[in-house]
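Each remark here refers to the structure printed beneath this line.
Please treat every number below as a calculation from the coordinates, not as lab data. All figures in this text were calculated on a predicted structure; none of them were measured in a lab. Note that each Cβ is placed from the backbone with ideal geometry, even for glycine, and that neighbours are counted across all protein chains shown.
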Amino acid sequence: MHTVDRVVIRAPVDRVFAAASDVERWPAILSHYRWVRFLERRNGGGTVEMAAWRPFGVFRYPTWWVSEMTADRPAREIRYRHVRGITQRMDVVWRLVEAPGGVEVTVVHEWAGPAWPLIGPWAARLVIGPVFVHGIASRTLAGLKRVLEGA
């Protein structure tokens, strides 16, 4: 499974990086996040537990995962390796690049799928990636864009 979500945010790159890496603040500014908390902190990252809602019309499906997060300010990258939850072993990278009109933020998720015999890779490619991963990542980027451009 490979998903790519991208947005251009009209704000200084340092401000975008600060908002993207301040994940504990996300529930206060992004309505689809239920909670985000560090289980262990290390060098601007650490082990982080995240929970979000994936809306389906009037219904909301709860999601949850734990990741090892690293924030590399000079490289303008934030990386996650999911270590618990259905998306265990998923790799995620946020890349911030200064571009005409602002900062291009690209979020790439890569994953072989859950360890379910026969159907794991299919479930990842057909449902989990496009419906859940993209559904949450696209809302996260749109929400950060709204907050950073509106401030």
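If you go through the stretch 70-105 and pick out every residue that is in contact (Cβ under 8 Å) with a residue 24 or more places away in the chain, in contact with a helix residue (DSSP H, G or I) (Cβ under 9 Å, 6 or more places away or on another chain) and outside any loop (DSSP other than H, G, I, E, B), you end up with 9. Applying the set (1) touching a Gly at 6+ places or on another chain (Cβ under 9 Å); (2) in a loop (DSSP other than H, G, I, E, B) to ALA115 leaves exactly one unmet item: (1). If only one of TRP65, TRP26, TRP53 is surrounded by 13 or more Cβ atoms within 10 Å (Cβ to Cβ), under 14 Å from the mean Cα position of the chain (by Cα) and not in a strand (DSSP E or B), which one is it? Exactly one of TRP65, TRP26, TRP53 is surrounded by 13 or more Cβ atoms within 10 Å (Cβ to Cβ), under 14 Å from the mean Cα position of the chain (by Cα) and not in a strand (DSSP E or B), namely TRP26.
Which one is surrounded by the fewest Cβ atoms within 10 Å (Cβ to Cβ) among residues in the stretch 1-23 that are touching a Lys or Arg at 6+ places or on another chain (Cβ under 7 Å) and either under 23 Å from GLU110 (Cα atoms) or among the hydroxyl-bearing types (Ser, Thr, Tyr) (or both)? Walk me through how you get there before you give the answer.
Taking the stretch 1-23 and keeping what is touching a Lys or Arg at 6+ places or on another chain (Cβ under 7 Å), we get 1, 7, 9, 13, 17.
If we keep only those that are either under 23 Å from GLU110 (Cα atoms) or among the hydroxyl-bearing types (Ser, Thr, Tyr) (or both) as well, we get 1, 7, 17.
Values: MET1: 21, VAL7: 17, PHE17: 21.
Selected residue: VAL7.
Any residue at all in the stretch 31-42 that is closer than 15 Å to LYS145 by Cα, free of Cβ contacts under 8 Å to residues at least 24 places away in the same chain and of a type in the set (Asp, Glu)? Within the stretch 31-42, none of the residues are closer than 15 Å to LYS145 by Cα, free of Cβ contacts under 8 Å to residues at least 24 places away in the same chain and of a type in the set (Asp, Glu).
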